[in-house]
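The structure appears below as structure tokens.
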Amino acid sequence: MNKQKNILAVGSIALDTLMTPRGNRQNILGGSATYFSISAGLLAPVKLVGVVGSDFPEDGWQLFRSRKINTDNILVEDGLTFRWGGKYSDDYSTRDTLFTELGVFEKFSPSILESDRKSPLVFLGNIHPDLQSSVAKLTLNADHIVTDTMNLWIDLFPEKVAEVLKLSTILLINHEEAEQFTGQSEIANAASELLSYGPEIVVIKRGADGAYLAHGDVRRSVPVFPINMLNDPTGAGDSFAGGFMGYLSQSSQPDFLEAVIVGSAMASFCVEGFGVESLLSATPELLEHRVSTIKKTLVETV
């Protein structure tokens, strides 16, 4: 196996309250950087960049340590940790935000140790595009800068999102956001237009319909792993990103279709439990089984 590359991950660390048809949870660990780092940490060394308040629970730190996630770049500020609440509809087709309390995250300015700015892989979670750009400019020597975004930033700051794409080698985006940004409802057309902004690779996440890879002349759809029961889709996209980049960490000449398959397999763990609980029960062996299952499905559908 190739020597694993470090991943530098920037994003939100939150305490979530969730209401779903299959149960509720209060003040559980969440946030884009959290889901990403726990997922990627199964496969690779992760250095996490974020901010928490003085109320951040000790079991959160213990959870990061359990995945050997480096927390040297997490700021602890006086105040409250970012909190978010969401409620899913009975069929999980929609999600309403119950509350958003930014706390110390409102004034978050990423602080990255000089030595960590040389990380070969960088993940920019779906934080404000100005923050994404600032981190990208500090880490331009990275092999890959992988960017995620969200509909809020596309709606408010499309020009700034476009600037981030110029600094990125890989874009991960969901189908609705891709259509919102490009105006293209056809996934292949949306992917081609997104590539024109600068990324070498675009992956469009399609929820239960899998993911779509666009890279050069390659256009491939990847299915999801067939789970037994959906409990909580929160963080699935960030878990996908963690699996995707965890694979990149292990490969000197990555197969990006394989990276998408690993991402899809990792996301399948996330949605089976509440918060990060099912991600924590994942093992490399269980992940490989799901990867193999997806590959078999992929072969059958080609």
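Go over the candidates Ala265, Ala214 one by one and state the one that is assigned to a helix (DSSP H, G or I) and either within 25 Å of Glu176 (Cβ to Cβ) or modelled with pLDDT of 95 or more (or both). Step through it out loud before you land on a result.
Working: Ala214 fails: assigned to a helix (DSSP H, G or I).
Ala265 is the lone residue from the list that is assigned to a helix (DSSP H, G or I) and either within 25 Å of Glu176 (Cβ to Cβ) or modelled with pLDDT of 95 or more (or both).
Among Val262, Val203, which is the only one that is crowded, with 24+ Cβ neighbours inside 10 Å, among the β-branched types (Val, Ile, Thr) and under 23 Å from Val164 (Cα atoms)?
Numbers: Val262 fails: under 23 Å from Val164 (Cα atoms).
On inspection, the qualifying residue turns out to be Val203.
Can you tell me how many residues within the stretch 78-94 are among the charged types (D, E, K, R), touching a strand residue (DSSP E or B) at 6+ places or on another chain (Cβ under 6 Å) and farther than 21 Å from Ile38 by Cα? Give the steps one after another, and end with the answer.
From the stretch 78-94, those among the charged types (D, E, K, R) are 78, 83, 87, 90-91; that's our starting set.
Still in the running and touching a strand residue (DSSP E or B) at 6+ places or on another chain (Cβ under 6 Å): 83, 87.
Narrowing further to those that are farther than 21 Å from Ile38 by Cα: 87.
Matching residues across the stretch 78-94 total 1.
Sort out which residues of the stretch 79-95 are within 15 Å of Phe274 (Cα to Cα) and in a loop (DSSP other than H, G, I, E, B), and write them in order of number.
Of everything in the stretch 79-95, just one residue is within 15 Å of Phe274 (Cα to Cα) and in a loop (DSSP other than H, G, I, E, B), namely Tyr92.
Rundown of residues vs (1) closer than 11 Å to Gly263 by Cα; (2) surrounded by fewer than 24 Cβ atoms within 10 Å (Cβ to Cβ), yes/no style:
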{"residue": "Gly210", "(1), (2)": "yes, yes"}
{"residue": "His215", "(1), (2)": "no, yes"}
{"residue": "Val218", "(1), (2)": "no, yes"}
{"residue": "Val224", "(1), (2)": "yes, yes"}
{"residue": "Asn228", "(1), (2)": "no, yes"}
{"residue": "Pro233", "(1), (2)": "no, yes"}
{"residue": "Gly243", "(1), (2)": "yes, no"}
{"residue": "Tyr247", "(1), (2)": "yes, no"}
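In the stretch 60-78, which residues are crowded, with 17+ Cβ neighbours inside 10 Å and part of a loop (DSSP other than H, G, I, E, B)?
Arg67, Ile69
Applying the selection to the stretch 238-262, what residues are small (Gly, Ala, Ser) and part of a loop (DSSP other than H, G, I, E, B)? Explain how you work it out, then say what you get.
Initial filter on the stretch 238-262 (small (Gly, Ala, Ser)): 239, 241-243, 246, 249, 251-252, 259.
Ser251, Ser252 - these are the residues of the stretch 238-262 that are small (Gly, Ala, Ser) and part of a loop (DSSP other than H, G, I, E, B).
Just give me the residues in the stretch 139-190 being under 22 Å from Ser221 (Cα atoms), polar (S, T, N, Q) and touching an Asp or Glu at 6+ places or on another chain (Cβ under 8 Å), in sequence order.
Of everything in the stretch 139-190, those that are under 22 Å from Ser221 (Cα atoms), polar (S, T, N, Q) and touching an Asp or Glu at 6+ places or on another chain (Cβ under 8 Å) turn out to be Thr149, Thr169, Gln180, Thr182, Gln184, Ser185.
I want to confirm something. Restricting to the stretch 1-55 and keeping residues that are assigned to a loop (DSSP other than H, G, I, E, B) and polar (S, T, N, Q), which single residue is farthest from Leu287 (Cα to Cα)? Working first, answer last.
Filtering the stretch 1-55 down to residues assigned to a loop (DSSP other than H, G, I, E, B) leaves 1-6, 11-13, 21-22, 31, 41-45, 54-55.
Now restrict to residues that are polar (S, T, N, Q): 2, 4, 6, 12, 54.
Values: Asn2: 19, Gln4: 17, Asn6: 20, Ser12: 25, Ser54: 35 Å.
Within the stretch 1-55, the match that is farthest from Leu287 (Cα to Cα) is Ser54.
Does any residue in the stretch 201-223 that is touching a residue at least 40 places away in the same chain (Cβ under 8 Å) come within less than 8 Å, Cβ to Cβ, of a residue that is of a type in the set (S, T, N, Q) and assigned to a loop (DSSP other than H, G, I, E, B) six or more places away or on a different chain, and which pairs are these?
These pairs meet every condition: Ile201/Thr169.
Output the residue which, of all residues in the stretch 43-59 that are under 20 Å from the mean Cα position of the chain (by Cα) and over 24 Å from Gly263 (Cα atoms), is surrounded by the fewest Cβ atoms within 10 Å (Cβ to Cβ).
Just the residues of the stretch 43-59 that are under 20 Å from the mean Cα position of the chain (by Cα), to begin with: 43-52.
Okay, now just the ones that are also over 24 Å from Gly263 (Cα atoms), so 51-52.
On the way: Val51: 25, Val52: 27.
It comes out as Val51.
The values are calculated or read from the model by the stated rules, or taken from the named source; none is laboratory data. What you see is a predicted model; the values in this text were computed from it and never measured. Glycine also receives a Cβ, built like all others from the backbone with ideal geometry; neighbour counts cover every protein chain displayed.
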